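First comes the structure, then the notes that go with it.
The values are calculated or read from the model by the stated rules, or taken from the named source; none is laboratory data. Everything numeric here is computed off the predicted structure, so don't read it as measured data. Note that we place each Cβ from the backbone using ideal geometry, even for glycine, and neighbour counts take in every protein chain shown. Please note that ligands, DNA and RNA were not included when accessible areas were found on the heavy atoms of the full protein model with its side chains. Shrake-Rupley method; radii C 1.70, N 1.55, O 1.52, S 1.80 Å.
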Amino acid sequence: QVQLVESGGGLVQSGGSLRLSCAASGSVVGFNTMGWYRQAPGKQRELVASITSVRVTNYGDSVKGRFTISRDNAKNTVYLQMNSLKPEDTAVYYCKFSNWRNADYWGQGTQVTVSS
């Protein structure tokens, strides 16, 4: 089992920045992928960004050039630096951990609200 603790959401004005953190604990050894997904009201959950334990990254098209994902393997923590935030970035952001067996674990989510 893997437990995920997210932090860093909140309310920010358009053009502002936020940094999300997600710390994983439990069975986190071996190759894995950590990432962030988001879900806005009435929309499907979508990939924001992901990063593997060897730091290969992947970004959703809508956040490329504005968001940066990184991780600290010693702390089993992934970070999402969000810059130039837009109202359309408003959503609940979920952390996801996928292990080498492709088992997925999700955090409880953190609200990000961008005001215009």
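Here are the numbers:
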| item | result |
| --- | --- |
| Subset tally (residues that are among the aliphatic types (A, V, I, L, M) and open to solvent by 40 Å² or more (accessible area, probe 1.4 Å)) for the range 24-40 | 1 |
| Subset of the range 34-54 (residues that are in contact with a strand residue (DSSP E or B) (Cβ under 9 Å, 6 or more places away or on another chain), of a type in the set (Gly, Ala, Ser) and not in a strand (DSSP E or B)) | Ala40, Ser53 |
| Inter-residue pairs, beta-carbon under 8 Å, first assigned to a strand (DSSP E or B) and in the range 9-33, second of a type in the set (Asp, Glu), 6+ apart | Leu20/Glu6; Ser21/Glu6; Cys22/Glu6 |
| Meets criteria (under 21 Å from Gln1 (Cβ atoms) and either touching a Gly at 6+ places or on another chain (Cβ under 9 Å) or of a type outside the set (Val, Ile, Thr) (or both)) for Ser115 | no |
| Only listed residue being touching a residue at least 12 places away in the same chain (Cβ under 8 Å) and β-branched (Val, Ile, Thr), chosen from Val56, Val48 | Val48 |
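One line per residue, one yes/no per condition, for (1) within 11 Å of the chain's Cα centre (by Cα); (2) open to solvent by less than 40 Å² (accessible area, probe 1.4 Å):
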{"residue": "Gln3", "(1), (2)": "no, no"}
{"residue": "Ser7", "(1), (2)": "yes, no"}
{"residue": "Gly10", "(1), (2)": "no, yes"}
{"residue": "Gly42", "(1), (2)": "no, no"}
{"residue": "Arg55", "(1), (2)": "no, no"}
{"residue": "Asn58", "(1), (2)": "no, no"}
{"residue": "Lys64", "(1), (2)": "no, no"}
{"residue": "Arg71", "(1), (2)": "yes, yes"}
{"residue": "Leu80", "(1), (2)": "yes, yes"}
